[in-house]
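Novice: I have a structure here, written as structure tokens, and I will follow up with some questions on it.
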Amino acid sequence: MKAEKIRLELGLEKPVNISHITDVHLCLADERDAHLIPHASERTGVFYEEAGRPPKTPSQYFREAMDYSEENCDLCVITGDVLDFISQSNIDEARDILEDKNYIFTAGNHEFCPRVGVPDSFARRFDVYADIQSVFKGNMFFDSRVLGGVNLVTIDNSYYNYSALQIGLLEKELDKGLPIILFSHVPLTDP
């Protein structure tokens, strides 16, 4: 596991420790999704190649990161792509790893992906949204948690946009008058 520590001075009375996990990309498939077994193997190979063949699987790294968070942090914030594609094995693994953990979550685009490389659409995500939401605690569309005087806000921008509803919810969070740390899957950029 690679951990990088960042310290933010927000004027809080005492330190708040959070972990941030993103882009786990679980790549599992079994006989329940037999057509995805070759895809799972291929995708695992891609990540191993990019990382120089790590000795652990994405599942092992994810478990290690969540255990570290439970032992050392007040909360874990997960910003999507826990799943690399939708399979029953990926869903079961994510649910098993996260079952008793303290976290908030927002989706990444891969949470709605039937198979990497298959054209996807914004409309299609609504067909699977409820099933994917059932894997994760809280509300993956928009969530917040006040912790030690700081407001941690997650907003789903997995398809590179924010809705008017999300902006309205964020404005209500701003009205609380607390410092906010905003989390989304797609990094915000300013040209």
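The values are calculated or read from the model by the stated rules, or taken from the named source; none is laboratory data. A quick note: this is a predicted structure, and the numbers were derived from the prediction, not measured. Positions of Cβ are generated from backbone atoms using ideal geometry, with glycine treated the same way; all protein chains shown enter the neighbour counts. Side chains included, ligands, DNA and RNA excluded: accessible areas come from the protein's heavy atoms. Shrake-Rupley method; radii C 1.70, N 1.55, O 1.52, S 1.80 Å.
Novice: Determine the percent antiparallel among the DSSP beta bridges restricted to the stretch 75-165, to the nearest 5. Don't skip to the answer; put the middle values down first.
Specialist: Values: 6 of 9 bridges.
In the stretch 75-165, approximately 65 percent of DSSP beta bridges are antiparallel ones.
Novice: Beyond 25 Å, what percent of the Cα pairs of the chain remain?
Specialist: On the way: 6826 of 18145 pairs.
The calculated P(r) of the chain puts 38 percent of pairs beyond 25 Å.
Novice: Considering only DSSP beta bridges where both residues belong to the chain, give the percentage that are antiparallel (nearest 5). Walk me through the numbers before you get to the answer.
Specialist: Working: 6 of 18 bridges.
Looking only at bridges with both residues in the chain, the antiparallel portion is about 35 percent.
Novice: Once you keep just the Cα pairs under 8 angstrom separated by 6 or more residues, what percentage relative contact order results for the stretch 74-174? Mind showing how you got there, number by number?
Specialist: On the way: 134 pairs, mean separation 26.9, N = 101.
About 27 percent, as a whole number.
Novice: Hey, rough spin-label estimate for L165 and E99, points 7 angstrom out along Cα→Cβ, what's it come to in nanometres?
Specialist: Those two pseudo-labels are separated by 3.1 nm.
Novice: Turning to a different aspect of this structure: Ignoring ligands, DNA and RNA, what accessible area per residue does the stretch 1-103 give at 1.4 Å, in Å²?
Specialist: Details: 6130 Å² over 103 residues.
On a per-residue basis, 59 Å².
Novice: While we're looking at this one, here's another question. Which one, G138, G52, G108, has the greatest fluctuation when you compute a Gaussian network model over the chain with C-alpha springs under 10 angstrom?
Specialist: Of G138, G52, G108, the most mobile in the Gaussian network model is G52.
Novice: Quick check for me: using +1 on Lys/Arg Cβ and -1 on Asp/Glu Cβ, what's the dipole size of the chain about its Cα centre, in debye to the nearest 20? Please list the in-between numbers first.
Specialist: On the way: 18 positive and 32 negative charges, 52 e Å.
The calculation lands at about 260 debye.
Novice: A further question on this structure: Can you list the residues, at least 5 places off or on another chain, whose amide H is less than 5 Å from the amide H of C76, using H built in the peptide plane?
Specialist: S19, Y103, I104
Novice: Also, I was wondering about something else. Can you give me the three principal axis dimensions of the stretch 85-191 from its C-alpha atoms, in Å, biggest first?
Specialist: Here the Cα extents, ordered largest to smallest, are 42, 37, 23 Å.
Novice: I would also like to ask the following. Roughly speaking, what is the centre-to-centre gap between the stretch 16-59 and the stretch 62-80 when only Cα atoms are used, to the nearest Å?
Specialist: The distance from the Cα centre of the stretch 16-59 to that of the stretch 62-80 comes to 17 Å.
Novice: Something else about it: Measure nothing but the geometry: give the 0 to 90° angle between the long axis through the Cα atoms of 122-133 and the longest principal axis through the Cα atoms of the chain, rounded to 10°.
Specialist: Compared with the principal axis, the helix lies near 80 degrees.
Novice: So, one more: So how tilted is helix 88-98 from the main axis of the chain? Cα-based, degrees 0 to 90, rounded to 10.
Specialist: Once rounded, one gets 30 degrees.
Novice: In percent, what relative contact order does the chain have, based on Cα pairs under 8 Å that are 6 or more apart in sequence? Show your work: numbers first, answer last.
Specialist: On the way: 300 pairs, mean separation 41.0, N = 191.
Relative contact order of the chain: 21 percent.
Novice: Taking the chain as a Gaussian network, Cα atoms linked when under 10 Å apart, which of E70, E42, E111 shows the biggest mean-square fluctuation?
Specialist: E42
Novice: Measure off, as a whole percent, the carbon and sulfur share of the 1.4 Å-probe accessible area of the stretch 14-110, all protein chains present.
Specialist: On the way: 2150 of 4580 Å².
Carbon and sulfur atoms account for 47 percent of the accessible area of the stretch 14-110.
Novice: For a test of the definition: using alpha carbon positions, the gyration tensor, and the 1.5 limit on a/c, classify the stretch 40-138 as rounded, prolate or oblate.
Specialist: Numbers: a/c = 2.12, a/b = 1.13, b/c = 1.87.
In terms of gyration-tensor shape, oblate.
Novice: While we're here: Among the lysines, which have Cα under 21 Å from the Cα of K137 when same-chain residues fewer than 8 positions away are ignored?
Specialist: The reachable lysines, counting only those whose Cα sits under 21 Å from K137, are K101.
Novice: A further question on this structure: Mind telling me which of F105, F126, F142 comes out most flexible in a GNM of the chain, alpha-carbon contacts under 10 Å?
Specialist: Result: F126 has the largest fluctuation of those listed.
Novice: Still on this model: How would you order 168-179, 24-35 from highest to lowest mean count of nearby Cβ atoms within 10 Å?
Specialist: Numbers: 168-179: 12.3, 24-35: 17.8.
Ranking the peptides 168-179, 24-35 by packing returns 24-35, 168-179.
Novice: Taking Cα atoms, how many degrees apart are the long axis of helix 164-174 and the longest axis of the chain, rounded to 10 and kept between 0 and 90?
Specialist: On a 0 to 90 degree scale, this one is about 40.
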